[in-house]
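Chemist: Here's a structure for you.
Derivation of every value follows stated rules applied to the coordinates shown; laboratory data play no part. All figures in this text were calculated on a predicted structure; none of them were measured in a lab. When we count neighbours, we look across all protein chains shown, and the Cβ atoms used for this are built from the backbone with ideal geometry, even at glycine.
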Amino acid sequence: MNILLLFPGGVSPGGEEKVIPALLTLMKGLSRSHNIVVLLQRQDRHLTEFTLHGCQVISLPCSCTLGSWVLYLKQIRLAVKRLKFHGFTPEVVHSFWLGGPSILAGLLRLIYRVPSVATLAGGEAVSLSDIGYGGSLRWRNRLLNRLGLALAVDLTCGSRYVKDIAEHRWRKPFSLIPLPLDNALWTQSRASENLPAPERKWQFVHVASINRIKNPRLLLGLVAELIRRNCDFHLHWVGEDTLDGEIHSNAEKLGVSGYISFYGFQTQVQLKQLMQDKDLIIQTSIFESQGIAMAEGASQGLCPVGTNVGWLHDLDLGINTAAVMPEDAARQLADEVLLLCRQPQLRLERIKKAQSWLKAYQANIVVDKFQEKYRQLTSRT
């Protein structure tokens, strides 16, 4: 089958930096049985083409204001031209993220008269005005989302958490198909029955870009609260800083920087290595459509703990901190962290629960679910 995938970006020639690993995993899985072309809508200012994981990648120029009709018309004309050059006629079109990618996919669907799938992969369905986050925050984005939804034949998302939000907002059904981990890299480490005893220096991991939606202030509050309660620990904080050093400065002011190591961006291989011999992976996000980093940590035997969004919500492992003051949220999270440190059996149960979910949604199963959806859609046409 000829499958056309549309992403906003996240696919680079090197396959390691400036990538979204779950998208690469999906590309690899689908390309084993199908002809795959990937269109990138807003990654490069100039036309860029390369092959990666058996897929032809076409990065369309994005030199106009995102969402303008001039951009869509230029990209559609160029996409059709490049697909013809590569001798590729899609049989199904699949976009990730609503708005721009799903609109472009929907228009290409009409041109080629084939079905299309749109996957909700981020914050398109939310509107968080206090931190300026969400694809439904502004009327223009809401309009683009609605148009993308209207042009799609089928809809998917990556967690029950975001499925409930999206279906409530748009009154449309979404199928649950999470984006996958690369099982070749994130091979599950068996949950050890001999977990560390409480009398030790605990090693915590947090993997998230330093931005408002990941709630780094809550994480700093948690660190301060654990110090106040005499917990012996160190936090390994992985993620690109998008707040120009604000959080590093706040850590210094709070006197907690000695308990934190900031790593910045790490490749998947580097991240896996860093996770070795660590204990807990912590999430403080205000919103997650899924929570891939938590899944990566759990695959390596780290115990997941954090806010009640995304994947942790689905597993009923999250702490509901949304309705309390920030200092109370930090205390709630600290209570949970200390409880898990004191009770090895509880940590083991959580790790096993998380790894059971990962087994049910490993990459080959996710790829099969998407392939079955493509087969169903093309059989109707």
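Chemist: Whole-Hz Karplus ³J(HN,Hα) for the range 333-340, in order, using 6.51 cos²θ - 1.76 cosθ + 1.60 and θ = phi - 60°, x for Gly and Pro?
Modeler: 5, 5, 4, 5, 4, 5, 4, 5
Chemist: Report, in listed order, any pair from LYS278/LYS369; LYS84/LYS172; LYS278/LYS373; LYS201/LYS253 with a Cα-Cα distance greater than 28 Å.
Modeler: Numbers: LYS278/LYS369 33 Å; LYS84/LYS172 34 Å; LYS278/LYS373 38 Å; LYS201/LYS253 24 Å.
Over 28 Å Cα-Cα: LYS278/LYS369; LYS84/LYS172; LYS278/LYS373.
Chemist: How big is the charge dipole of the range 202-360 about its Cα centre, in debye rounded to the nearest 20, if each Lys and Arg gets +1 on its Cβ and each Asp and Glu gets -1 on its Cβ? Kindly include the intermediate steps, with their values, before the conclusion.
Modeler: Numbers: 15 positive and 18 negative charges, 74 e Å.
Its charge dipole is roughly 360 debye.
Chemist: Taking θ as phi - 60°, what are the ³J(HN,Hα) couplings along the range 44-56 by the Karplus curve (6.51, -1.76, 1.60), each to the nearest whole Hz, with x for Gly and Pro?
Modeler: 10, 7, 10, 4, 9, 10, 6, 10, 8, 6, x, 10, 7
Chemist: Using the Kirkwood formula over every pair of different C-alpha atoms, what hydrodynamic radius in Å results for the range 26-136? Before the final figure, lay out the partial values.
Modeler: Numbers: mean 1/r = 0.0669 Å⁻¹.
Kirkwood radius, the range 26-136: 14.9 Å.
Chemist: For the range 1-87, run through the trypsin sites (Lys or Arg not before Pro) and keep only the ones in DSSP coil with at most 13 other Cβ atoms within 10 Å of their Cβ. Mind showing how you got there, number by number?
Modeler: On the way: sites: LYS18, LYS28, ARG32, ARG42, ARG45, LYS74, ARG77, LYS81, ARG82, LYS84; in loops: LYS18, ARG32, ARG45.
In loop regions of the range 1-87 (DSSP not H, G, I, E or B), the sparsely surrounded trypsin sites (Lys or Arg not before Pro) are LYS18, ARG32, ARG45.
Chemist: Kindly give the semi-axes, whole Å and largest first, of the ellipsoid equivalent to the range 270-381, taking each as the square root of 5 times a Cα gyration tensor eigenvalue. Kindly include the intermediate steps, with their values, before the conclusion.
Modeler: Values: eigenvalues 189, 65, 27 Å².
Square roots of five times the eigenvalues give 31, 18, 12 Å.
Chemist: Restricting the calculation to Cα positions, tell me the Rg (one decimal) and the Dmax (whole number) of the range 202-360 in Å.
Modeler: For the range 202-360, the Cα radius of gyration and maximum Cα-Cα distance read 14.4, 44 Å.
Chemist: Now for a separate question. If each Cα of the range 102-234 is one equal point scatterer, what is log10 of I(q)/I(0) from the Debye formula at q = 0.14, 0.19 Å⁻¹?
Modeler: Each listed q maps to, in turn, -0.88, -1.15.
Chemist: Applying the Karplus parametrisation 6.51 cos²θ - 1.76 cosθ + 1.60 with θ = phi - 60° to the phi angles of the range 32-38, what ³J(HN,Hα) value in whole Hz is obtained for each residue in order, glycine and proline being reported as x?
Modeler: 5, 10, 9, 8, 10, 10, 10
Chemist: Once you have all Cα-Cα distances for the chain, histogram them in 20 Å bins from zero and send the whole-percent values.
Modeler: So the P(r) values, bin by bin, are 28, 56, 16, 0.
Chemist: Mind checking the dipole of the chain: about its Cα centre, +1 per Lys or Arg Cβ, -1 per Asp or Glu Cβ, Debye to the nearest 20? Show your work: numbers first, answer last.
Modeler: Values: 43 positive and 33 negative charges, 303 e Å.
Result for the chain is approximately 1460 debye, rounded to the nearest 20.
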